[in-house]
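Heads up: the structure comes next, in structure tokens.
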Amino acid sequence: MTGPGGTRVLSLDSLVRIQRGRQTPDAPRRLPVPDGMTAPMGCDAVAVPARLGPLVLPRLPRVGCVYADDAHWWWLVPSDSDYALEWPAPAHYAAGAVLPDSPAGTGAAGLPDLIHRPDGTLPYTPPIPLYLALCRLTGTTPVWSRPVTA
């Protein structure tokens, strides 16, 4: 559309489209794999309320990377560690190690702080011992021990 004097006039629809095009959705916040470590099996995370974090640690034979903020402790686990498992409430399984939108008491760059880094190059906590520790702490029967219903 051309206005007086040959100037270009933009309609409201055009302005809205331009504004929408300028807005880029925020990239998801992911727990990072620390420098010098590799995640050949991909990375997911399991979060538990911060009050349970210190109770889980001594129950694990090996601890991978653990992140913490005011509300949660996060364990890095291999991708698809939720396959055929129902992680017990109040645990939260985060595929891709993507954090929820609301940062609660986060550290640098809006991410939880790394509070444990294992020796070696793999960031993972073995998922089955973590699952069993959480089941025990929450009084949940592991999925493979539950009665089968038809």
Inter-label distance for THR38 and LEU85, nm, one decimal - labels placed 7 Å from Cα along Cα-to-Cβ: 2.4 nm
Length released on extending from ARG30 to HIS116, taking residue separation times 0.36 nm less the Cα-Cα span: 29.3 nm
Contour excess over end-to-end distance, with Cα ends at LEU137 and ARG62 and 0.36 nm allotted per residue: 25.2 nm
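Give me the accessible area per residue for region 32-150, probe 1.4 Å, as a whole number in Å². Don't jump to the answer; show the numbers that get you there.
On the way: 6210 Å² over 119 residues.
Computed with neighbouring chains in place, this is 52 Å² per residue.
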Highest to lowest packing among 142-150, 49-57, 130-138, scored as the average C-beta count within 10 Å: 130-138, 49-57, 142-150
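The values are calculated or read from the model by the stated rules, or taken from the named source; none is laboratory data. All values derive from a computational prediction rather than experimental measurement. As a convention, Cβ positions derive from the backbone with ideal geometry for all residues, glycine included, and neighbour counts pool all protein chains shown. Protein only, heavy atoms only, side chains kept; ligands, DNA and RNA dropped before computing areas. Shrake-Rupley method; radii C 1.70, N 1.55, O 1.52, S 1.80 Å.
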